[in-house]
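A short reminder: the numbers here are calculations on the coordinates, not readings from a lab. Since the structure is predicted, the reported quantities are computational estimates derived from the model, not experimental observations. A quick note on method: Cβ atoms are made from the backbone with ideal geometry, for glycine too, and the neighbour counts reach across all protein chains shown.
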Amino acid sequence: MQEGKYNIKAVSNLLNIQPGTLRAWERRYKFIEPVRNESGHRLYTEKHLQTLKWLINKTEQGFTISQAVSLLESTGSEESGSTENRKDEQTIKLSDDLIEALLNFDENKAQMLISQAFSMYTIEHTIVGVLGSILVQIGDKWENGEITSAHEHFASNILKARISSVMHTIPTSGFLPKALAVCAPGEKHEFGLLIFTIFLKRKGYETIYLGESIADNDLLIVLNIIKPRYLFMSCSMQANLEATLELIEALKKDFPDLKVGLGGAALSFISEEEREDLCGIMIGETQSDWEEWLKV
């Protein structure tokens, strides 16, 4: 067992994460257990730091923290145990074969394996547990210099295209309000927004998905054309949060009947005081959170 040597303030400064957010993550997801010193204060090890860095990196790619923790468990790590303990052998074999096909630029085989995954599992499990897990592994391989950017682009484009195609085939109800889903200003990571849009469409909401961020003026044009009841935005990068909140305030003035919902990993890094001011627009991280927000 490694020795704990970082207190919570040091971890907060090193990883740019609020201590309150870190405590909330630990309490809710129990993915690490800091050791305690004689005074009862948390002490984090190097392994804890590595795990937290990995999770923060994935949230910046568009995953919610709950999705990132699930992916941590499904892909395996020194903290979470081996992959074999987390996933059944059939899923491991399918995922390994799919990664191999993607890295060999074998699109036909990759598409066949993706179809096989959708036939074996629920839409949610296939997208988050299988395809999302593979997206993470591909991204890690690229960051570690194990594959080229060409491999990463090819694999990511195929996986995201299949997720998007599933989203567009889900029937919706004409009786529920329209919703518009778009990434926040400066945002390019779409995965979390795709998952949320699929959730909305499976609930029956007619949802127009725009994906990556668009110019503010273009968004105003779209809102005037579509006239949605809801606007959902996803902000993954902390650096984009301020501009996102400013845009939301401006939209409230121009579209007083528009209900705005904001999600994404960047919200994990705000203070408890700020959360109180944003409670009306924060949609949460899990499906149960989203259900509750829609009820309100």
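Sort largest first and round to whole Å: the equivalent ellipsoid semi-axes of segment 87-169, each the square root of five times a Cα gyration tensor eigenvalue.
On the way: eigenvalues 75, 40, 28 Å².
Taking √(5λ) for each Cα gyration eigenvalue gives 19, 14, 12 Å.
Tell me the Kirkwood hydrodynamic radius of segment 8-60 in angstroms, computed as one over the mean inverse distance between distinct C-alpha pairs.
Details: mean 1/r = 0.0879 Å⁻¹.
Taking the inverse mean of 1/r over all distinct Cα pairs, segment 8-60 comes out at 11.4 Å.
With no solvent and one equal point scatterer per Cα, compute the Debye intensity ratio I(q)/I(0) for segment 178-295 at 0.19, 0.21 Å⁻¹ and report its log10, rounded to two decimals.
Log10 of I(q)/I(0), two decimals: -1.02, -1.29.
Counting only Cα, what are the radius of gyration and maximum Cα-Cα distance Dmax of segment 227-279, in Å?
Rg then Dmax for segment 227-279, in Å: 11.3, 33.
How big is D for segment 123-217, in µm² s⁻¹ as a whole number, if Stokes-Einstein is applied with the Kirkwood radius of its Cα pairs at 4 °C and 1.567 mPa s? Write out the running numbers ahead of the final one.
Numbers: Rh = 14.5 Å.
Calculated translational D: 89 µm²/s.
Given H placed 1.01 Å from N in the peptide plane, which residues other than close sequence neighbours of residue 232 have an amide H under 5 Å from its amide H?
180, 181, 182, 261
Report the equivalent ellipsoid semi-axes for the chain in whole Å, largest first, defined as the square roots of five times the eigenvalues of the gyration tensor built from alpha carbon atoms.
Working: eigenvalues 190, 152, 54 Å².
After scaling each eigenvalue by five and taking roots: 31, 28, 16 Å.
How would you rank 234-243, 280-289, highest first, on the average number of other Cβ atoms within 10 Å across their residues?
On the way: 234-243: 20.7, 280-289: 16.2.
Top of the packing list down: 234-243, 280-289.
Once Rh is set to the Kirkwood radius over Cα pairs, what Stokes-Einstein translational diffusion coefficient, in µm²/s, holds for segment 184-242 at a temperature of 25 °C and a viscosity of 0.890 mPa s? Numbers along the way, then the final one.
Details: Rh = 12.3 Å.
Answer, rounded: 199 µm²/s.
So which of 141/201; 30/178; 178/253; 9/30; 141/178; 47/141 end up more than 31 Å apart, counting from Cα to Cα?
Numbers: 141/201 33 Å; 30/178 37 Å; 178/253 20 Å; 9/30 19 Å; 141/178 39 Å; 47/141 19 Å.
In this structure, 141/201; 30/178; 141/178 lie more than 31 Å apart at Cα.
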